[in-house]
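Worksheet: the structure to be examined is printed underneath.
The values are calculated or read from the model by the stated rules, or taken from the named source; none is laboratory data. Bear in mind the structure is a predicted one, so any value in this text is a computation, not a measurement. For neighbour counting, all protein chains shown are included, and Cβ atoms are generated from backbone atoms with ideal geometry for every residue, glycine included. Surface areas here come from the heavy atoms of the whole protein model, side chains and all, with no ligands, DNA or RNA. Shrake-Rupley method; radii C 1.70, N 1.55, O 1.52, S 1.80 Å.
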Amino acid sequence: MVCLCLPIILLIIYIIWDVNYFLRFIFTIGWGKLFQKKVKILEKTTIYGFCTTQDVDIFVKHMNNARYLRELDFARFHYYVLTGLYEAVKKVGGGAVQGASNIRYRRAIPIFQAYKVETKLIWWDEKAIYLEQKFITTSDNFVRAIAISKQCVTKASVQELLAKFPGGETRPECPEDLRLWLQSSEISSQKLRGDKTD
């Protein structure tokens, strides 16, 4: 009886939870911790992926737009582990959450195509870090999509936190595209604050 129930329970768990997400998370973090060397805070990190039948859109030709954002999550986790940033945030009782993201799709990633996601810290302010992430197909080294994400850090001063890392003592100049995106986000926030329907 127990033997018959176990496959059914496992199937129900697989249907209710996105088991592949958790397995990928464990693999990405575990691989980074066990087999990769630490990197400096301003160095880029790289994870690899492969567009399978679970990643494609309704036409079964290329990666679904939502899958890009999911892959960016794994790349961020990986960056946090290799730089030691998340550990430093937790040490001061803080946390990190996605505040905003902007992605530009240049060319689709075809089905059964290998790619890599490069993540790099490009700027920070008092409350957030800003990461630039690129999807690059390994066959032609072409940047298929590029994203900027705002990672809000809670209960900690980002400037003080990053000053403890080699290379984080001096903040780089804010890139022009990021500056304009931040202005756009602020305009959007002001509109939402003025909206009394919420």
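Structure data summary
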quantity	calculated
Selection from region 34-76 of residues that are aromatic (Phe, Trp, Tyr) and at pLDDT 95 or above	48, 50, 68, 74
Candidate set: region 17-33, residues that are in a helix (DSSP H, G or I) and at pLDDT below 90; chosen: the one nearest to residue 52 (Cα to Cα)	20
Residue within region 37-56 that is open to solvent by 100 Å² or more (accessible area, probe 1.4 Å), assigned to a helix (DSSP H, G or I) and over 30 Å from residue 106 (Cα atoms) present	no
Residue that is least open to solvent (accessible area, probe 1.4 Å), among those in region 4-36 that are in contact (Cβ under 8 Å) with a residue 24 or more places away in the chain and farther than 17 Å from residue 70 by Cβ	32
Total residues in region 147-177, condition open to solvent by 20 Å² or more (accessible area, probe 1.4 Å), closer than 17 Å to residue 132 by Cβ and among the small types (Gly, Ala, Ser)	1
Tally of residues being of a type in the set (Lys, Arg) and either in contact with a Pro (Cβ under 7 Å, 6 or more places away or on another chain) or within 12 Å of residue 81 (Cα to Cα) (or both) across region 9-59	4
Selected residue (only one of 189, 184 is farther than 27 Å from residue 83 by Cβ and open to solvent by less than 50 Å² (accessible area, probe 1.4 Å))	189
